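The values are calculated or read from the model by the stated rules, or taken from the named source; none is laboratory data. Predicted model only: the values in this text are computed from it and were never measured. Cβ coordinates were reconstructed from backbone atoms using ideal geometry, including for glycine residues, and neighbour counts include every protein chain displayed. Calculation scope for accessible area: heavy atoms of the full protein, side chains included, ligands and nucleic acids excluded. Shrake-Rupley method; radii C 1.70, N 1.55, O 1.52, S 1.80 Å.
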Amino acid sequence: MYRSNFYESTCLRCYQTVYQVDRVGPLKDFTFFHSGCFKCVVCGTKLTLKTYYNNQHRQEDKEVYCSSHVPKIGPGHLDGTSVGIRSALNVPKSTTYVNDQIRGSGKGTFDAEALNIKQHLNGSTPNNRAQSPLPVPYIGSSTPDTGYQYGRFDASALHIAHALRATELHKSYPNKNGIREKPIHCYLDKDEQTRLEMKHRKEEDDLYRKFAKQREAEDIRIKEEINNEWEKELERLTIRFEKELQTKRKRPDEQKVLTIKLQQERDNLEKNMTLRRDKKKESLTKKLLEHERAATAALVEKQSSEMLELINEKRSEYMMAESLYLDDSTIPDETAEALNDNVQPYPGKAPLPPSPHGVAQAKFQLYSDPLEFAHIDQIAISVAQEDQKTFTDLVRMLVGKCGSDIEKARTIFRWITVKNLNTMNFDDNLRGDTPMGLLRGIKHGTESYHVLFKRLCSYAGLHCVVIKGYSKSAGYQPGVHFEDSRFRNSWNAVYVAGAWRFVQCNWGARHLVNAKEVPKVGAKGKSDSLRYEYDDHYFLTDPREFIYEFFPLQPEWQLLKNPITQRDFEDLPFVRSLFFRYGLYFPDSNTKAVMYTDATGAATVRIAIPTNMQSNLIFHYNLKFYESEGDTYDGVSLKRFVMQSVLGNIVSFRVHAPNSGAFLLDIFANSVTPKEYLTGEPMKFKSVCKFKIICEELQTVMVPLPDCASGEWGPTKATRLFGLIPISHQDPLVFAGRELEIQFRMSKPLTDFMATLHKNGVEEKRLSKYISHTIVDDFITFLIGFPEEGQYGLDVYTREISSHKSDENGHHNHHQHQHRLANGNGIHGEKHLLTHCCKYLINSSKRN
């Protein structure tokens, strides 16, 4: 009954229906008022929660009064009759169950029956207890009894259902305590929001008409300028031609040649004038577009503030109305404090957004797995398949089931990333009142992802800003300085969870997976089977990670406790989102985008791997010249001048420059389980970071590493893939004499071991006789003899007993060394292909 009255009520003053967004109450005896009718019945003064009064002397009087006109009576006394609790006087005293401070001993005392709550005191059955919305406290006795209990009460007994309602309300709004918020339709009528949108659309229509007129006027002006220039040039050309004919009386054949020459010059002039016109038009269009983008952004800024102000006002009125009936004396302090928190607008007085400041909580403290938003993401995907005619409809469909500001921002972010706006087809005659007309700014280039995100956030009641600055985007290479507008970019910060947090919709957008073409908007069919890819890193990115790729022009929008300079930003290693997704980090503080080699031409890049990723991450690299992008030196791949190794949780890339100059080191990674790796399925490596390696002077001659199988050096790979534990040599670099024993212990059954030896300038077949191995119990020992001093590379191969392969063609690039082994040596045959296990770099010398 309470909810029915709560949602369907009439104003006590005007007897018209009171809707939620304009309701004050329930007050005395569940009465309601319109906010405009909530005035003193005597003088008409507008009242608030703190200034209204009820008639305490006449129960049937439900009106509201100001402090000056609230009915008062002369001095009196409080007895049983005056408050209707005569029955309380007949209740026998009991010091066992009733606190004397409440029971009293004379007139003015009261008990449960006096407060009309006897029904609650007698309800001792489990069912009755279950109906109580709160645990039942006991007054006057610390131990409850099973019999009749004087002074026992619950929420309904003292008519504090209002307070419980406030607590429920408090739980529905997100504030600093993480409380969930009511949907926007609870406090803002859709028609009212749509009316403001239509006002905004008219302003936008006027702006677009202004843009069109400006472009048309400029187009006419350019054409006139070019035509005038054309006529002048043509006139000069004609005059010169006539002079030549008059000064030199040409024979007919010479006149013909001269006429042809004139026509050619005229054609060239026309071509040049056309090029000049197009160039002028292109330059002017670019300037106009910049102006239009700025004007559009300014308009969206104004309109977003107006929309936020409307939402904030209605939300505040709703919260105030929900709290008007509360009596602070009947609810706990923490409940009243929580309610007061909620009455405040989000997150301050609109339309002014909060000032930028550092983020108190890291992203992982908000959510640890994107799957936590699975239901929200699905809403965004579903909505993206349909057309909407208004932003009001669109945003309400997106955020209608969201219970927090983070969820609202999430569903808007995912809608933009799913919509794939860059590939959408727009009609030439696109009106603002059509479904796709909502996105006409994207078509005309006047509105970016970031401006659109800001606009949608305002419709959801979220503060959002567009930040301008530099980014390490497409075409950027480590070592490049930000001196012009080539790498200018913009992105968003949205205020959620009590702080500003970064969002980059454009970089977060990805393509459809397993789809030959993007489905048309609104198309039905197999869309359910499609999987939408996106980059979660660019949603609520932590500032300490965001600064690696984005540098704002205003330092306060770095959201860092200690902002960095532009030079610091240029020096930061060039990393990609995958770097942070895998939890990688640089253990050395001197790791920069540009690394310089030492006197021997060596430079080392070290990357730390988190414990949970050590068994799954596989790295790859590429080295090429920085300027020419060539990847060979004297016919040798530059990859052979890099030694990749893994020791503990550190993967190292030691570059040995073959000559002085600049090089580009690109490091890739992929996360696969050992089982997935051993299947031989194709693996896609993605870049995680890049470095510019500069060798200013080379004092020693660097030689390439032995031509072993690609990948990391050292036994870590053997342990990760096959459970081979190195007993004798844990490091990838080994110093030996003329003979060497390398021993492993098998932690699981393996078979068909093999090793190959490599040395620059020596054929592999010539070295095969210098290698052998023995297996004793769980120990495998490789015996190597070196025919001469020098640097050698040792490749080790094996396979699990149950890993027989019947088809070697399924292996991809990271298993190519397996094909060479099987086909080149012809030892194990095609059906028993071995997999590369590990490799060592060995320096053999008589002195060792």
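A compact globular protein would have a Cα radius of gyration near 2.2 N^0.38 Å; the ratio found for region 647-721 is 1.37. Annotation: D568 carries an accessible surface of approximately 70 Å², with a 1.4 Å probe and no ligand, DNA or RNA atoms counted.
Using θ = phi - 60° in the Karplus curve 6.51 cos²θ - 1.76 cosθ + 1.60, the 3J(HN,Hα) couplings for region 649-660 round to 9, 10, 9, 10, 10, 9, 9, 10, 5, x, 7, 6 Hz; x is entered for Gly and Pro.
Taking 23 Å as the limit for the C-alpha separation, the pairs K287/K389; K199/K287; K213/K279; K210/K408; K765/K839 exceed it in the case of K287/K389; K199/K287; K210/K408. The distance between label points at K50 and H357 comes to 2.3 nm (points 7 Å beyond Cα on the Cα→Cβ vector).
For the pair T774 and D484, label points projected 7 Å from Cα toward Cβ lie 7.0 nm apart.
Each of R738, R414 has its accessible area taken with a 1.4 Å probe; listed largest first, they run R738, R414.
Ordered by solvent-accessible area of protein heavy atoms (1.4 Å probe), largest first, the residues I771, I239, I667 come out as I239, I771, I667. Electrostatic bookkeeping for L783 treats Lys and Arg as +1 and Asp and Glu as -1; over the other residues with beta carbon under 10 Å from its beta carbon, the sum is -2.
Ranked by the mean number of other Cβ atoms within 10 Å per residue, highest first, peptides 40-48, 366-374, 706-714 order as 706-714, 40-48, 366-374. Ranked by solvent-accessible area (1.4 Å probe, protein heavy atoms only, all chains present), the residues T565, T31 order from largest to smallest as T565, T31. Between L288 and T632, the modelled labels are 5.2 nm apart [label points 7 Å from Cα along Cα→Cβ]. Sorting the Cα pairs of region 654-797 by distance into bins of 5 Å, from 0 upward, gives 2, 7, 14, 17, 17, 16, 13, 9, 3, 1, 0 percent per bin.
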